[in-house]
Structure formats: C-alpha cells, structure tokens
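The values are calculated or read from the model by the stated rules, or taken from the named source; none is laboratory data. What you see is a predicted model; the values in this text were computed from it and never measured. Cβ placement follows ideal geometry from the backbone for every residue including glycine, while neighbour counts extend to all protein chains displayed.
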Amino acid sequence: MSDKRVYTDTGIGKKVERKFDREKVAGTLQYTDDLPFGKDLLYARPVRSPIASGIIRSIDPRKACAIPGVVAVITGKDFPYRFGLYLKDRNPIAIDRVRYMGEPVALVVATTEAIADSAIEHVKVEYEALPAVLDVEKAVCDPSVLVHPDLEHYKRVPFINPQPGTNIGNWFKIRRGDIEEAFAQSDTIIEEKMECPQIAHGFLETHCCIAKQDIGTGNITVWSSAQSVFAVREILAEGLGLSTNAIRVIAPPIGGGFGGKAGMTIEALCLSAALHPAIKGRPVKLFVPREEVMLSSWVRQAYIATIKMGISKEGKILGIKNTFYFDTGISAEYGANPVRSAGYTSTGTYYIPNVWTDSYAVYTNKPFGGAYRGFGLPELMSAMEVVIDIAAKKIGMHPIEFRIKNLLQPGLPTCTGMPMSEHALEKIIRKVQADIRFDEKEKPLREGFKRGKGIALAIKAPAKPADAASSAIVKLNVDGTAEVMAATMDMGQGAYTAYAQMVSEELGIPYDRIRLDYPDSATHPYDWQTVASRSCWAMGMAVKEAATDARNQLLALYAEYWKVKEEEIFLKNGSVLCPKKNLSETFGPKLQNGFPMPDGKLKGGPIIGRGRFVPEDVVNPDAETGQSPKSVVHFTVGAIAIDAEVSERTGEIAINRVVAGYDVGKAISPINIQGQIEGGTVQGISAALFEGLVFDAQGKLLNKDFTDYKIATIEEVDFPIESFWEETPEEVSPYGNRGVGEHSMISPAPALNNAVYNALGIRFHRYPLTRERIFMATHAKKAVTEDCYD
Amino acid sequence: MPKHALSFVLNGETVDWEVETNATLLQALRENGVTSVKRGCEEGECGACTVVIDELAQKSCLVLALEVEGKSVLTVEGLPAAPGKLHPIQQAFVDEGAVQCGFCTPGFIMTTYAFLKTHPNPTDEEIRHALSGNLCRCTGYLSIIKAVKTAAEALSKPIVAGEGGEGDVR
Amino acid sequence: MKAFDLFRPKDLFQAFSRLELNQHETVLKSGGTDLLIWIKKGLVSPKEVVDLSSIDSLNEIEVKEGEGILIGTNVSLNRIIDHPEMKRRFPALIEACETHSDAVLRNKATLVGNVCSAVPSGDTIPPLLCYEAEAVVQTSCSKRHLPLPRLIIGPRKKSISKTEIVTHLWIPLPKADLSVGAYRRASRRRALDLAQAAVACTLFQHRGERDFRLAVGALSPIPVRVSEGERILNETSNIDEKIADRVADAVLKAIQPITDVRGSREFRFAVTVELVRESLSLCLTRAKTEEGCY
C-alpha cells in the first residue's frame, strides 16, 4: 500500500501463525471453568422442572438447606427480574409457573459441586400440571394454551412485533407488489412444505459462569463463557435496574460459540446466587454439565416453511408467498430476530418482484430458541433451495440455469427493496458447477449405491439492530510493540489474528509484536456483540481507524522531530524511515515517552490510537411492508455443491466431494477463511445427516447429551472440501472484506437434500436425512416414490 | 468423604495427591491445576479429556483417579521440550490450522501422540479410525487429518542434536 | 457422581473376601466405561465399587490348544482386536469389537465388561453367543462355567449372585477347518454409537460339514441366538436369496424391537432383514475367499 507508505510482511492476506494457537496446543489457555478462585468459591446447581407446563404450588427447601455445606436455596421470588435482548420474556428462575421441562425452579448454592449436586434432590417442589403446547402449528392456531399470557406487558425493542393473546412472540412481514396478481399471471404454481427440527450448537465447552458481588460497593463482576461482554453487561444492567458501570463482565476464551453463547445465557441465573444475602460476597460458580446445555441456553429454532411460488413460462419467478413458523420454545428474547433475518431475506438469492412473507416466532413449551450460526438463514435456505430445485424440475429447466435466470444480480432490489450490492455469485455458481462436474452423471464409487449431485446457494446479511457499534484502541509500547483492545470474542474464528494483521498493515509493526487479549468490559472499549459475521468487518473498521489514528500521531511527531514532511516518512517492519534525509530508526521509547523536539521540549507521550464505527444508513424495515432503503449493511453470497451417493439398501449417505465458494470481499486471513468454510460445511452436513432435538409427548427432551445427540465425528469426513473465495470489494468496509463465518453453514443441508433427490428420486421434506429416514423411505411397505414427509 | 493417597508419575514427575474415591482422573487432574484436560461431556463421548496412561490414550472422565496409582500419565502440558518449544504434534496442529476454539485440541493431541507411536506412517483412514472418539465442532476435521500427517512426517525425521526434537518426558 | 467407596483388590482372594463382607452394597468394575456413566446418571448407586482392574492375573488371554481361549476380565477390546489368534478364530467377534465405541475407549472397555453390562445393544454379545462362549464364574470356593444365555437374563441383569465374579470368558474352539463370520449393525453414526439393530453370523466348516450360527442384538431385551434361522441354514446346501429371506423371517419372529430415541420399532424390523442378508452373504463370500484356517 504505497499511498500509506507502510510496508509489512505480515499484513492483510498473509499467512501468519494464529493468535493463541500456541497456548491452545500447550493446554495453557484458561477457559472459564479453568480459572482458579480459591477456597471461597461456591457452586450453584439448578433444580429443574419435571413437567413442561404447570403452576408451582410450593417449594420447600428445608431438607436441602439442612445439608451441611448448603449455603442457600434461591427461588424465583428471590430474583423477580426479567431479562432479554430484544424482548424481556425470560425469568432466570421460574416464578409461580413453569413453561418447559428442565426450567430452573430453584438454585442450590453449596460449598462443593458434589454437595450442590446431591442437595437439588432434596428441594421439594409441588406442581399442578397445566396443558402444554408442544406442536408449533397448534400453538399458532389455538390460543387456548398460552405460553405467555402476560406478553403485552413485556418490554421490547421497537422492531419486535409480538401478538399478545396468541403464542406469537414476533411477526415479521414483507408486502411488496401484488402477490395474487403475480400468481394469476404465472404459468406454473408450486407450493411446498419443509421442516427443520430444533438443533444444538454442540460446542465442546459447555456454559460456565462465575459471579461475585463486592460487599463494599455492591458492584458485580461476572466471568462468563460469553461471546459478547457488553451485551451481557447491558442485559444484566437493564434487567436488574443497575448502572452499567456497576457491572464488570470478563469473558475468558470460549470453547466454541456458534451463537450459543451470544446475548445473555446463564449469567443472570448465576447472579441470582451471587446477589443473594446469604452469599455475602463470595464468588459463585455455575457450571452447566453437558446434559443440561440444551435446557440452559439457546437451541436453534425448529422451522416449518410453506413456500408458494408462481413462475412464468420463460422461467421467471413472478411471486413468492412464504409462511415461516419458527418454534422459539418458551422465549423469543433472542429468537425473535432470526425470524426477522429469515423474513428480510425471504426471497433467498433471487429477485422476485412480488413478495408476501409472514415470518413468526411461535412460543411452545420447549427449551428456547435463539442465535445459531446462520441466524435463520440455514433454516430458510434448507427450504428455499430445495423449493427452487423442485420448481426447476417442474418447469423443465436446468436447476442452475433457473437459479441464474432469477438471480439477485447487483442493482436489483432485495425483498426489502434495497438494491443488491456488487457480488460475484454467478461466477461462483459457474465455478462450483464446473468443479463438481454437475452436469456429468458419474458412476457410484461404492457397490449398491446411487450417486447424485446437488447445489444450493447461500446468502446472509449481518442480522443486528441498525445501530450496532464497535470501538477499538491501539496502544504503542516503549519497544515498538503494540496492544490492540478490541472486545470481539475470538472463539476460534481467528478475529485476533485478523486484527493483528490489520494493525500490522497500517503501522508496519510485525504481526508477532502485536498483542490482543480477551474481552473485559472494564478495560476494553465498547463493542455490540461477537455475532452476525460482523466482527472482521465492523470491529475491523474500528481497528483500522485506531491503527490509522496511531499512525497519524506517529507521523506528525516524526515529521516535527526530523523536520521533514509527513509524506516523506515511511513505516517498514517495525522501523520508521525517511529515505530523502537518509534517516531511520526502529520503533522505540519515543513512542511512549515523547520526542525531544528541535525546540528542546519533549512532545508526545504514549501513542494511543482510537477507532470507532457504526453503520450510517441502515433503516429498520417498515413494520407493515418490510421495505427499507437499506435494511442491512451488506450481503455475503456463495454456493455449495455436494457430490454424494446413497445406499437404498442401508440408507447410508456417503459424500464424495464438496465444492464451496463465497464472495468474501477481501481475504484478511486466508487460513481463517478456509477454517470457517471447512468447519461450517461440516457443521451443516452434520445437521443435515444427524441432528435434531427429540421430545416425547410430555415435552421431555430425549437426546440431551452426546450419547444420543449425535454430531459428526472425523469418521464422517472422508471427503475433500474444495473451498475458494472471490473478492468483490465491499464499499463500506476496512479492506473491502465482508463476513463469512456463518455462511458456510447455511446451505450444506439443502445441497445434500438436492443430491439425495438426484440420486434416489425421493424428495425429503424434513431434516435430518438420517439413515433411518432414508432407509424407511426406500424400504417401507409402501415405498416412497417422490415426496417423503415423514 | 475421606480422601485417599494417590502416587503416580505425571508428565515425568512423581506426584502425591489426596483424592476422593469416586473422583475421576479428569476431576483429580483439574483439581490439581492440570486444566488442559477439559470436561466436555464427562461420559466418554467427546474426548476433550484424553490423556495418555502408560502408552495408551484414555478418556480421563472414565478412569477413576485411584486407578492410575503407580502409573505414568501424560497430558498435553508435558509435551513441550521447553517453554515455547512445542512438540512436533503441537506445532503441526498450529501450522495446519487444526486449531480453532482449542477446547478439543489437547485431547486430539494426546490421542494423536499415542496413535503415532504405533502408527508412525498412518493413512487417512487409519487417522480417522484413531481419532473418531474425539469431537471437534469448529474445524470440520480436515485440517486435523493434515496435522496428524504433518506431525508423523516431522516425527519420522532424525532428531538433530541440540534441536530438542520430540519432547517426550518419559 | 454419587459418592462410593473404592476397593482395589490385589488378587481374587481379596476381592471375594470383600464381596462376602459387603455383598449387598457392592458392584464390580473392570474397565468401568459403562459403570461410571451409570453411577453418574444414577442408574446404580453402589456403596462400594470393587475394582477388578487392579488384579493383574485377570489381564491374560490364554490359548489352550484344541480346547479354547480363556480371556481375563481385564482384557480390553483393543487387546482382543490385536490378538492374532482371536482374529483367526473368532472373526465375527473381532468385527463386533471394532464397531464398539471408538479406538480410545476400547483401550479401557473390556470384553468381559461388555458381556457383564448385559445391555441389549452390547456389541460383543451376539458373536459370543454364536461362539457359545461361557462365563467363568467364581466364588471364593467354587468355579463354574455358565453359558451366556444363562448368565444374561434381562437388560443389565445377570443370574449370578453378589458374591460371584465373572473372572474370565471361555470361548471353546470347535473342530473346524474354517471359521468365518460377520457382524453387521445399524447405527446412526459411523463411529462411537450404539447399535440400533445388530446381527452376527458365523460359519464353521469341518470336512465338508457346515455349521451356521446366528444371533441378534439390540432387537430384544437380551441378545439372542436364532435357532430356527440356524436350522434353515444348516439344512440347506444351496443358500440362495429365498433361503436368506426365510432366515430373515425366522429372525423377525424371534425379536421384539422397541421404539426409542435411537430408532423406531418399524425401522428395526425392516433393517434387520437387510442385516441378516448382509451378514449371511458376507459369511458365504468369506468362506469362499478366505484361506482356510484352523
């Protein structure tokens, strides 16, 4: 970048050793559960509801309290606060009423984990069972069982639209053009139904939180496996009516997030103990064992889509009518927003002039839905990209030509009316088509298998409030090293690596001399959340600005010190040079202690660069039409194709090859982009093959641990993933880059579904595509010939 | 609950601990500050607590602490030859992008360590069989397979004197 | 995990003395990969665990030429898999061991432990039924051989008393020129999963005589031999698809699969037919292609 006059070998696009990998392989990186708190530490364990819906008649903690080592038993009435990111509908401990099986009804605090664990069995709770509603379609139609009778009283942000008196926690609408007229003019109409179950994030580190109240000030410190320290701080402060600076949130490294540690998860529950008078300022730890993860925090919402599409004889999609039911369980506090996200992307990667979309968050008596990698888009595209294939077949068009004919080309309006920005999706589709040899019918590699290929496109915008802001600080040290304060959680995606590369790019400081640390709300400047594939972009803007600010300060000081023009100064690999005057020195103490200027005075002092960012022009979609001149900051698009084969005899799916490409704008850290594509692809394939929460008729979760909630092991990944990316620069972006963390997870499932159809001629309308489901479709007494809804 | 004396060799050094009879090796290690072993599921399904006991990889959540009396236990902390000098397997995981969140990584490295002792030149298929009890949700596994192969190659090279080489403490 | 005392005997004598002292509150452990999970989940709540893994004498695989193989309680599944004699003589058992859990857990999980856990889906039990394995059951003053169908009497239930220990498994060596076998199962995932349905089929050939054996797992409260299926196979010289279907029918009559989170009853019935065909066909192919041993 010669205009900046900065040279570095470790800047944007370079291969570098990822930050914190050394600590990770050495086992020295301390996650929340690894932090030492000494003998003072107390342990909390929740008592959980054994019924899905009912009144709490009484809670008798006396027997538990009498156990030596039990310090307190806390009930909902001791902690009558409601929390939520977008809609305050969640009590950490149930009050009067339980809404799902597994809901905390009391919290036992004891001196050891073992005592707490055994004491929960001695808290006697009497319930009066009420009817539960578990089926999402029933919950929508039938208001006789309301999960939240008090919905109208819950606080919410303005862009969430709950329907009191029903089980609808949010309703997002798109109304554009005339849908009935579009159908009337169509030559072909199709209507299809697709379903995805609730799924779990399956991160390896379960949730863990330690909370402590200072008995001198009343101030609170929370250490938590959280993606976003400031979101936790704000949600806690708002819920408790405290000022934000009374709460300090520290997030140690987390062992995977995928959205499951976004917003606030278990922190309020842990705080209910730390704030209890009996605790007297001791730290309280709440560790969630694996079998309680899905009962303690988000799962991905289940999804039922009905998509009706009208198509002209030329193969143009004239109109689309969507009904999406997201099963958000007992809370829509976060789940309300994936509903919007799917809603305002509800024409997928296509331009469709007439759109009618109703996207609902529906309450049921099940564990609650929330953020999950892809945020509504994997659900949407698991349906949309299958429907597109069905439509193409129905009108006799090649599935890829049909896609390209209707593609949301740059400049065309998205379903919210904003013009689509520049992208290379068509080029990506053609590359994926060629590399997977889409049009070549190849022989199966395994005896008794049938081979098929499927493609699916992906699209997603960062889903967030219009005013999600970020800030960063770059500090220069005495020896020319730098520290970057950016409150992004590096949960493996490699954000700190990318930021260090950015700072290296702007200041010419070698990458290994740049340090970052995990977020602490007391020391780091504000960042909204580490979600939405936004960090490298939004926080990247702030980091770049902070580094540029530091550089400008440094250049001004050197210009004065050397008596040269700023334009005559160069920064190179940790040194500063002025070739014109043949001056050079390595970065050193002047950066911290000031410059002895020609006038004999010291000037400067520690150089601290400051950067901040908030997108300027995002307008929340109109409540009635969903239209907005700029509903989101940008879209990242891509395509995936899967070459798979299926055994009709055993129901097994074997994958031969995956090709996936995304338009990343600019690759900051190639190693991380490849990691995101490979990881998200396998997570998506795992969801497609295995994953779904299973409940019995009473609402009991039957597969709550890894014994029965199966995720892909290394044995499943016996195929190559050929990943690539295009770089169509994003206009408002630090380096033209845009988010890609979630996108690889969006469309593996529909691509696989399409491949299975191509192989077997059977269309599966429900995920996952388990071996049993495929086996039964091919073996059933009345073998399925075309559509399988089971 | 009375505690019992436990003496074993941890990462090359004899340790004497007091443990409860029902403590798993995972719990005992963590309580004594060896936190590279992670509690990911505590029922043998995830492998995040894998250690090497007398040459064999074991999931420490399914080993009682008292079972390792007199035995030799190796965790990932015991692998570097010196501070900053990673074991070739650790280095390969870093170099191949086989680490993301890092929570599963110590377990994968210990399984790999025991595996490469008996399979110095493994095929992809052998690697998949050997590592199928370790879950990773971040990487999609392909980079892990690559790392194991890279590590195998590095370990098969003769150790140059003074270069440290494999930091096997036993 | 609930508290319990742990007793780690040095030899069988110490173990028996302990059992006789505390018999009603004690459970035995070898590898412990099932037991520790059961305790954690509250399925069993022993006051004391007697850990046989501390008894070195139970670590052996002993081949008694012409008679059988004696496998100590502490022999891990990986040691069974790696044992050349076991592989040569009991191929269906090896195949079952290889599908059990994963390569790391098999360092800990033991063959005798898998039998004694007596779960319906225990992978090694169907092939051991085919090989007519016997549990060597000892007390401080007695020793008897108990065929597995008499040892395992229900899900996680054994017939032996609290003072008895299954110290070994005895697998007799039948007179045969050739031993082939197959273990085929359905599971949700390739590795580290429990069987939804499983079929073991073994074939011994001796001087032209064929002896087929067939057993199933995860399809009834306890794994069972299907003698009617064996009869059909052993009465037929030319096994074709029709015969295979008759065998599958016989198997379906012998099972009572359930619906649970791992699979539906309907699926288990349907997939069993495939597994029977597959294991039978593998057996026949292997009989043709594999060099005769024994």
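Could you check how many residues of the stretch B:122-152 are over 27 Å from A:ALA200 (Cβ atoms) and surrounded by 24 or more Cβ atoms within 10 Å (Cβ to Cβ)?
Number satisfying all stated conditions: 2.
Report the residue count in the stretch C:56-74 for those that are in contact with a helix residue (DSSP H, G or I) (Cβ under 6 Å, 6 or more places away or on another chain) and without any contact (Cβ under 8 Å) to a residue 60 or more places away in the chain.
Result for the stretch C:56-74: 2.
Can you find a residue that is touching an Asp or Glu at 6+ places or on another chain (Cβ under 6 Å) and closer than 30 Å to A:MET397 by Cα anywhere in the stretch A:322-332?
Yes; the residues of the stretch A:322-332 include at least one that is touching an Asp or Glu at 6+ places or on another chain (Cβ under 6 Å) and closer than 30 Å to A:MET397 by Cα.
Can you tell me which condition A:VAL123 does not meet? The list is (1) crowded, with 20+ Cβ neighbours inside 10 Å; (2) within 14 Å of another protein chain (Cβ to nearest Cβ); (3) of a type in the set (Val, Ile, Thr), and all the others hold.
Every listed condition holds for A:VAL123 apart from (2).
Of all residues in the stretch A:717-734, which are more than 8 Å from chain B (Cβ to nearest Cβ) and either of a type outside the set (Phe, Trp, Tyr) or within 24 Å of A:MET491 (Cβ to Cβ) (or both)?
Selection gives A:GLU722, A:SER723, A:TRP725, A:GLU726, A:GLU727, A:THR728, A:PRO729, A:GLU730, A:GLU731, A:VAL732, A:SER733, A:PRO734.
Tell me yes or no: at least one residue of the stretch A:620-631 is in a strand (DSSP E or B) and acidic (Asp, Glu).
So far as the stretch A:620-631 goes, no, none of its residues is in a strand (DSSP E or B) and acidic (Asp, Glu).
Could you list, in sequence order, all residues of the stretch B:110-124 that are more than 11 Å from chain C (Cβ to nearest Cβ) and either over 18 Å from B:ALA98 (Cβ atoms) or among the aliphatic types (A, V, I, L, M) (or both)?
B:LEU116, B:LYS117, B:PRO120, B:ASN121
Just to be sure, is A:MET397 aliphatic (A, V, I, L, M), assigned by TED's automatic domain parsing to the domain that holds A:THR306 and crowded, with 20+ Cβ neighbours inside 10 Å?
Spelling it out, it is not the case that A:MET397 is aliphatic (A, V, I, L, M), assigned by TED's automatic domain parsing to the domain that holds A:THR306 and crowded, with 20+ Cβ neighbours inside 10 Å.
Picking from A:LYS261, A:LYS321, A:LYS308, A:LYS285, which residue would you name as being within 14 Å of another protein chain (Cβ to nearest Cβ), in contact with a strand residue (DSSP E or B) (Cβ under 6 Å, 6 or more places away or on another chain) and either part of a strand (DSSP E or B) or at pLDDT 95 or above (or both)?
On the way: A:LYS261 fails: in contact with a strand residue (DSSP E or B) (Cβ under 6 Å, 6 or more places away or on another chain); A:LYS321 fails: within 14 Å of another protein chain (Cβ to nearest Cβ); A:LYS308 fails: within 14 Å of another protein chain (Cβ to nearest Cβ).
The unique qualifying residue is A:LYS285.
For the stretch A:631-669, name all the residues that are surrounded by 24 or more Cβ atoms within 10 Å (Cβ to Cβ), out of contact with any Ser or Thr (no Cβ under 9 Å at 6 or more places or on another chain) and not hydrophobic (A, V, I, L, M, F, W, C).
A:ASP643, A:GLU645
Search the stretch A:442-467 for residues being at pLDDT 95 or above and basic (Lys, Arg), and hand back the single one that is nearest to A:GLY348 (Cα to Cα).
Top of the filtered list is A:LYS460.
Pairs, please: C-beta under 6 Å, at least 6 apart or cross-chain, first residue without any contact (Cβ under 8 Å) to a residue 40 or more places away in the chain and facing chain B (nearest Cβ under 9 Å) and in the stretch C:32-43, second outside any helix (DSSP H, G or I) and aliphatic (A, V, I, L, M)?
Partner pairs satisfying both residue conditions: C:ILE39/C:MET1; C:LYS40/C:MET1.
Tell me the residue from C:ILE232, C:ILE222 that is at pLDDT 95 or above, in a loop (DSSP other than H, G, I, E, B) and either among the hydrophobic types (A, V, I, L, M, F, W, C) or under 21 Å from C:ALA118 (Cβ atoms) (or both), please.
Result of the check over C:ILE232, C:ILE222: C:ILE222.
Anything in the stretch B:1-50 that is assigned to a strand (DSSP E or B) and within 11 Å of chain A (Cβ to nearest Cβ)? List them, or say none.
Residues of the stretch B:1-50 assigned to a strand (DSSP E or B): B:3-10, B:13-20, B:24, B:50.
Once the filter is applied, which keeps residues that are assigned to a strand (DSSP E or B) and within 11 Å of chain A (Cβ to nearest Cβ), the stretch B:1-50 yields only B:GLU20.
Filter the stretch A:415-437 for residues that are touching a residue at least 12 places away in the same chain (Cβ under 8 Å), of a type in the set (A, V, I, L, M) and in a helix (DSSP H, G or I) and give the result.
Across the stretch A:415-437, the qualifying residues are A:LEU425, A:ILE428, A:ILE429, A:VAL432.
Any residue at all in the stretch C:5-27 that is over 23 Å from C:ILE171 (Cα atoms), facing chain B (nearest Cβ under 10 Å), within 25 Å of the chain's Cα centre (by Cα) and not in a loop (DSSP other than H, G, I, E, B)?
No, the stretch C:5-27 contains no residue that is over 23 Å from C:ILE171 (Cα atoms), facing chain B (nearest Cβ under 10 Å), within 25 Å of the chain's Cα centre (by Cα) and not in a loop (DSSP other than H, G, I, E, B).
Checking the condition closer than 29 Å to A:PRO252 by Cα and more than 9 Å from every other protein chain (Cβ to nearest Cβ), which residue from B:LYS59, B:LYS85, B:LYS71 passes?
Residue meeting the stated conditions: B:LYS85.
Checking the structure you have, find out if any residue of the stretch A:40-58 is within 14 Å of chain B (Cβ to nearest Cβ) and either under 23 Å from A:PRO519 (Cβ atoms) or crowded, with 21+ Cβ neighbours inside 10 Å (or both).
yes
Report every pair of residues separated by at least 6 positions or lying on different chains whose Cβ atoms are under 7 Å apart, first residue within the stretch A:374-398 and under 28 Å from A:VAL299 (Cβ atoms), second in a helix (DSSP H, G or I) and β-branched (Val, Ile, Thr).
As it stands, the answer is A:GLY376/A:VAL339, since those pairs meet every condition given.
Can you list the strands (runs of 3 or more DSSP E) found entirely within the stretch A:125-243 that contain at least 1 residues being under 26 Å from A:GLU379 (Cα atoms)?
On the way: elements: A:168-176, A:188-196, A:208-213, A:220-224.
Output list reads A:168-176, A:188-196.
How many residues does the stretch A:1-29 contain that are part of a loop (DSSP other than H, G, I, E, B) and either farther than 21 Å from A:TYR499 by Cβ or hydroxyl-bearing (Ser, Thr, Tyr) (or both)?
Narrowing the stretch A:1-29 to residues part of a loop (DSSP other than H, G, I, E, B): A:1, A:5, A:8-20, A:27-29.
From the residues that got through so far, the ones that are either farther than 21 Å from A:TYR499 by Cβ or hydroxyl-bearing (Ser, Thr, Tyr) (or both) too are A:5, A:8, A:10, A:27-28.
Residues in the stretch A:1-29 being part of a loop (DSSP other than H, G, I, E, B) and either farther than 21 Å from A:TYR499 by Cβ or hydroxyl-bearing (Ser, Thr, Tyr) (or both): 5 in total.
Restrict the check to the stretch A:408-420 and report whether at least one residue is surrounded by fewer than 19 Cβ atoms within 10 Å (Cβ to Cβ) and either touching a Cys at 6+ places or on another chain (Cβ under 7 Å) or of a type in the set (D, E, K, R) (or both).
So far as the stretch A:408-420 goes, no, none of its residues is surrounded by fewer than 19 Cβ atoms within 10 Å (Cβ to Cβ) and either touching a Cys at 6+ places or on another chain (Cβ under 7 Å) or of a type in the set (D, E, K, R) (or both).
Please find, within the stretch A:579-595, the residue that is surrounded by the most Cβ atoms within 10 Å (Cβ to Cβ) out of those that are closer than 11 Å to A:LEU557 by Cβ and touching a strand residue (DSSP E or B) at 6+ places or on another chain (Cβ under 6 Å). Give the derivation first.
First, pick out the residues of the stretch A:579-595 that are closer than 11 Å to A:LEU557 by Cβ: A:590-591, A:594-595.
If we keep only those that are touching a strand residue (DSSP E or B) at 6+ places or on another chain (Cβ under 6 Å) too, we end up with A:591, A:594-595.
On the way: A:LEU591: 26, A:GLY594: 16, A:PHE595: 19.
So the residue we want is A:LEU591.
Out of A:LEU689, A:LEU693, I need the residue that is in contact with a Pro (Cβ under 7 Å, 6 or more places away or on another chain) and within 14 Å of chain B (Cβ to nearest Cβ). Which one?
Among A:LEU689, A:LEU693, only A:LEU689 is in contact with a Pro (Cβ under 7 Å, 6 or more places away or on another chain) and within 14 Å of chain B (Cβ to nearest Cβ).
Just checking, how many residues over the stretch B:128-150 are part of a loop (DSSP other than H, G, I, E, B) and within 14 Å of chain C (Cβ to nearest Cβ)? Step through it out loud before you land on a result.
Here is the first cut: in the stretch B:128-150, the ones part of a loop (DSSP other than H, G, I, E, B) are B:131-141.
Adding the requirement that they be within 14 Å of chain C (Cβ to nearest Cβ) leaves B:131-136, B:141.
The total comes to 7.
Exactly one condition in (1) of a type in the set (Val, Ile, Thr); (2) buried (at least 24 other Cβ atoms within 10 Å of the Cβ); (3) free of Cβ contacts under 8 Å to residues at least 40 places away in the same chain is false for A:ILE509; which is it?
So the condition that A:ILE509 fails would be (3).
Provide a single number: the residues in the stretch A:183-198 that are crowded, with 24+ Cβ neighbours inside 10 Å and either touching a Ser or Thr at 6+ places or on another chain (Cβ under 9 Å) or farther than 28 Å from A:PHE764 by Cα (or both).
First pass over the stretch A:183-198, keeping only residues crowded, with 24+ Cβ neighbours inside 10 Å: A:194, A:196, A:198.
The next check asks that each one be either touching a Ser or Thr at 6+ places or on another chain (Cβ under 9 Å) or farther than 28 Å from A:PHE764 by Cα (or both); those that pass are A:194, A:196.
Residues in the stretch A:183-198 being crowded, with 24+ Cβ neighbours inside 10 Å and either touching a Ser or Thr at 6+ places or on another chain (Cβ under 9 Å) or farther than 28 Å from A:PHE764 by Cα (or both): 2 in total.
Quick one: count up the residues across the stretch A:724-751 that are over 18 Å from A:TYR372 (Cβ atoms) and not acidic (Asp, Glu).
Number of matching residues: 12.
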